[in-house]
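Enquirer: Mind looking over this structure? Questions follow.
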């Protein structure tokens, strides 16, 4: 095909297989997030309510361990904590949903820019690559190797990290079916996928929920959620990462944490991706430069 026709068909295909399903999932996730916010906001601490019974059950569980006075104080503390936390959770959830809705014009603008840039790179990527190689201070061969190596490492790293995060997120969300959270499957998958880019991952949410279930009378469901997550899902990263992420893209845990949170500070939510990406590029550039200088250093 001619380049322009091929580029246009590629653009249409990317919209059909990626953007439209993503939009559909996003709408469902927002709807389920609204339902979650409404459910939490309707929780009332009054006799006869399920929320009241749950707090009483937790208090009774604590009472079997601590002295009577300490148990009474603990129950009061739990009640006050939950009463203060619920409005905060609801308000923050509504703020996030409102921010997503308010960012719709920006998302549309970004989609238009994406379309134009994607189309331009499809048509002129050879010219752009030749320009970068020509402007590089290295030889044409070294510059070509740098672009090829950097591209492979970055692509494999992002794909690998996303696949690992998505598999862990879906598994964690399915695991919470045991505790009756299936109506909020999509928001949980999205949340866990984002958390998967950060050390500790979905455990930030799954572990407290399982412990709360164990303390509130659902001991065995909460126990099995905790055990399956600890023994199975936590090991997904160890099993999948060596097969999906190249060793050259690997970062020590401390550097990964710094890269992630620095990315969030400078780029917002997308900094979860951009932060590690920038660090990987810098490490790759430094390593290739050292490899280039190594023969000269050996002659000294």
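Enquirer: Within the group 153, 113, 120, which residue is assigned to a helix (DSSP H, G or I) and in contact with a helix residue (DSSP H, G or I) (Cβ under 6 Å, 6 or more places away or on another chain)?
Expert: It is 153.
Enquirer: Going by the conditions given, is residue 129 at pLDDT 80 or above, part of a helix (DSSP H, G or I), surrounded by 12 or more Cβ atoms within 10 Å (Cβ to Cβ) and over 22 Å from the mean Cα position of the chain (by Cα)?
Expert: yes
Enquirer: For the stretch 235-242, indicate whether the set of residues that are touching a helix residue (DSSP H, G or I) at 6+ places or on another chain (Cβ under 9 Å), more than 25 Å from residue 207 (Cα to Cα), in a helix (DSSP H, G or I) and at pLDDT 80 or above is non-empty.
Expert: No: zero hits.
Enquirer: Further question: Could you tell me whether residue 199 is at pLDDT below 80, under 30 Å from residue 155 (Cα atoms) and crowded, with 17+ Cβ neighbours inside 10 Å?
Expert: no
The values are calculated or read from the model by the stated rules, or taken from the named source; none is laboratory data. Since we're looking at a predicted model, the values are computed, not measured. Here Cβ is always computed from backbone atoms with ideal geometry, including for glycine, and neighbour counts include all displayed protein chains.
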